[in-house]
Amino acid sequence: MSRPPLYSFYLLFCFFFLLSGIRSDDLQILMKLKSTLLQTSSTSAFNSWESSNSMCNFTGITCSSQGSVTKIKLSHQNLTGVLPLDFICQLQSLEKLSLGFNHLNGPIMDDLKNCVKLQYLYLDRSGLSQTFPWKSLQNMTSLVQLYLGNNPFNPFPFPKEVLQLTNLTWLDLCNCSIHGTIPAEIGKLKELIYLGLGDNNMTGKIPVEIGNLVNLRKLSLSHNSFMGKLPVGLRNLTKLEVFHFSMNNLEGDLSELRFLNNLVSIRLSENELSGQVPAEFGEFKKLVNLSLCYNSFTGPLPQNLGSSAKLYIVNLSMNFFTGQIPPYMCKQGTLSVLSMFGNNLTGEIPASYANCSTLLDFRVNNNSLSGTIPSGIWGLPHLLNIDIKWNSIEGPITSDIKNAKSLATLYAGHNRLSGELPAEISKATSLKFIQLSDNQLLGSLVQLPTSITYFIIPNNRLTGEIPPMICNTSFGPNQLLWLGKIHNWRRFLVMLLKDDHKGQWWPRRLAGYYPEYRKEIAKDNVLMVWTKSHDLCALLQAEDAAVLWAIQLDIGENWKQIIIEGESPMNINLTGLLQLLLVTSFTIESPY
């Protein structure tokens, strides 16, 4: 028998009545939330939260098709105060709560257990502290993504409640004060795509069960104290794209990684790893970041490294690599940082890097490289730093340096560079620091960029006059002029102090607290200049010099006393000392 039409109408009426009641309850909850947070927060996030407006149009609020609140997204809104979960978790349809990157404080309430339908909880960098109510997670079995990273919680071991959330795909517990080991039960979270446990105080070995997380794409365990070898089974993580294990105590080789050809970023810096870089790395087509510095890797590098990959950062410094620099790391035209200092690399710098216009940082110092620098490297337009010191590199600094408009530092000391300094160096208008000591450079000093604050060039074969530009340069605190051998200067010591004595020049005989040179110091006259402007013109163009050495003086234990002999002795306040220039007839060993 069919039901009367009136009955169907009654059911429909009841449905809409209940629905309107839910909407009304949700609106009241949101208004309480606004009132509570506005007591402590200075934010515009709630400007649209007016009872006269539809709550589904409130900033940060998303509703279901039935009109109930399903999402609250108020990240980056400068919220402060205690998180009122007692209100929030009364929203019966809430599936997503995003309050990260705020300035909340205090503990997280136990009321979190009432958010039983939550699938996404984002509280990273929210300022929360004290103890997290981990037991509340037992009721939240629908959680798919849990972000709690970068909150100063009280120290705690890995929470066992998390191990029951088998639907999790993203777990971020970085920088949360976790201590202890990773439990073997981590292998049960087989849906995980991202696991972040970096920047904690975790110890022990990485469990082999982590190899069961075959859906992982990002694994970040950096900045802990993990030890032992990379676990057998990592080769199963064939979807892995990000592998970050820097700053631990890991040892062994990288053989488990040679099968992971989807890797985009490998960071293993500052461990105790050894062995050779797997040849397969040269065939990784997606690799962008390879950071293996400060380990004990040996052997040659794969010469096809980067031939198919758009490398951006390569940092292999401070290892024991041998052989030549791979020539193809900038083949795809994306390389920004190439750092390979402190190895045993030999051969020449490949000519291919002369065309690497994306390069910002080039550091191959402290190796055994030889040959000449490909001329184009001197003039790469975006390069900020060149460091090639302590090699056996020959040849000139070429005129291409005029194109190095971004170059700020040039370290090329302790090589076999020859020829004259190019006049075009004056067009490298961002240069601040030049260190060319202990080479075979010839000719006279050239005009330098006005941006220069450090110029160090002793132990070369320079001749001629000091250019007027140096006379007009103001060398202030933390700035250094060191020219090395210049001919026939007889004045001995010059100290530049603040303008405490109105720019007067005081010739004196001096004995200083510099034991190995005390006798020599006592022999010659001293010219002391008190001048705030640090005008070096009269000093540098007075007489020819034998050695000019200028070094920033560290006031303290370095100079305990200065004795001024001769007419009108006077006290000197060393707290005003900015620079010390030693001009002697003997060679002083370079501290660089």
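The values are calculated or read from the model by the stated rules, or taken from the named source; none is laboratory data. All values derive from a computational prediction rather than experimental measurement. So basically every Cβ, Gly included, is an ideal-geometry build from the backbone, and we count neighbours across all protein chains shown.
Residues of segment 70-84 that are over 32 Å from the mean Cα position of the chain (by Cα) and at pLDDT 95 or above: T70, K71, I72. Segment 189-285 holds strands (runs of 3 or more DSSP E) entirely within its bounds, and those carrying 1 or more residues that are β-branched (V, I, T) map to 201-205, 242-244, 265-267.
Could you please let me know if L230 is more than 21 Å from N201 (Cβ to Cβ) and modelled with pLDDT of 95 or more? It is false that L230 is more than 21 Å from N201 (Cβ to Cβ) and modelled with pLDDT of 95 or more. If we scan segment 150-158, do we find a residue that is outside any loop (DSSP other than H, G, I, E, B), within 21 Å of L219 (Cβ to Cβ) and modelled with pLDDT of 95 or more? Scanning segment 150-158 turns up at least one residue that is outside any loop (DSSP other than H, G, I, E, B), within 21 Å of L219 (Cβ to Cβ) and modelled with pLDDT of 95 or more.
Looking at this structure, is S274 in contact with a Gly (Cβ under 9 Å, 6 or more places away or on another chain), over 22 Å from I349 (Cα atoms), of a type outside the set (V, I, T) and surrounded by fewer than 21 Cβ atoms within 10 Å (Cβ to Cβ)? Answer is yes for this residue. Evaluating G333 against the criteria (1) over 25 Å from the mean Cα position of the chain (by Cα); (2) in a loop (DSSP other than H, G, I, E, B); (3) among the small types (G, A, S) leaves one unmet condition, (1). Would you say M340 is more than 27 Å from S430 (Cα to Cα), crowded, with 17+ Cβ neighbours inside 10 Å and under 19 Å from the mean Cα position of the chain (by Cα)? Taking the combined requirement at face value, the residue does not satisfy it. Checked against (1) in contact (Cβ under 8 Å) with a residue 40 or more places away in the chain; (2) part of a loop (DSSP other than H, G, I, E, B); (3) surrounded by fewer than 21 Cβ atoms within 10 Å (Cβ to Cβ), F87 passes all but a single condition, namely (2). If the condition is being part of a loop (DSSP other than H, G, I, E, B) and more than 19 Å from L83 (Cβ to Cβ), then segment 160-174 contributes L165, T166, N167, L168, T169, C174. Among the residues of segment 392-405, is there at least one that is closer than 30 Å to S265 by Cα and part of a loop (DSSP other than H, G, I, E, B)? Looking for residues that are closer than 30 Å to S265 by Cα and part of a loop (DSSP other than H, G, I, E, B), one finds at least one in segment 392-405, hence yes. Being surrounded by 24 or more Cβ atoms within 10 Å (Cβ to Cβ) and part of a strand (DSSP E or B) is the filter here; which residues of segment 298-314 pass it? The one that is surrounded by 24 or more Cβ atoms within 10 Å (Cβ to Cβ) and part of a strand (DSSP E or B): V314. Can you find even one residue in segment 109-120 that is out of contact with any strand residue (DSSP E or B) (no Cβ under 8 Å at 6 or more places or on another chain), farther than 25 Å from L240 by Cβ and buried (at least 20 other Cβ atoms within 10 Å of the Cβ)? Yes, that holds for at least one residue. Counting the residues of segment 37-57 that are surrounded by fewer than 17 Cβ atoms within 10 Å (Cβ to Cβ), touching a Gly at 6+ places or on another chain (Cβ under 8 Å) and under 15 Å from G81 (Cα atoms) gives 2.
Among the residues that make up segment 349-358, is at least one of them within 22 Å of L436 (Cβ to Cβ), at pLDDT 95 or above and either acidic (D, E) or assigned to a loop (DSSP other than H, G, I, E, B) (or both)? Looking for residues that are within 22 Å of L436 (Cβ to Cβ), at pLDDT 95 or above and either acidic (D, E) or assigned to a loop (DSSP other than H, G, I, E, B) (or both), one finds at least one in segment 349-358, hence yes.
If I filter segment 124-142 for residues that are at pLDDT 95 or above, outside any loop (DSSP other than H, G, I, E, B) and out of contact with any helix residue (DSSP H, G or I) (no Cβ under 8 Å at 6 or more places or on another chain), do I get at least one hit? No, segment 124-142 contains no residue that is at pLDDT 95 or above, outside any loop (DSSP other than H, G, I, E, B) and out of contact with any helix residue (DSSP H, G or I) (no Cβ under 8 Å at 6 or more places or on another chain).
Annotation note: Cβ proximity below 6 Å between a residue of segment 235-249 that is within 16 Å of V288 (Cβ to Cβ) and a residue that is of a type in the set (F, W, Y) and part of a loop (DSSP other than H, G, I, E, B) (sequence gap 6+ or interchain) occurs for no pair.
Checked against (1) modelled with pLDDT under 85; (2) not in a loop (DSSP other than H, G, I, E, B), S426 meets all criteria but (1).
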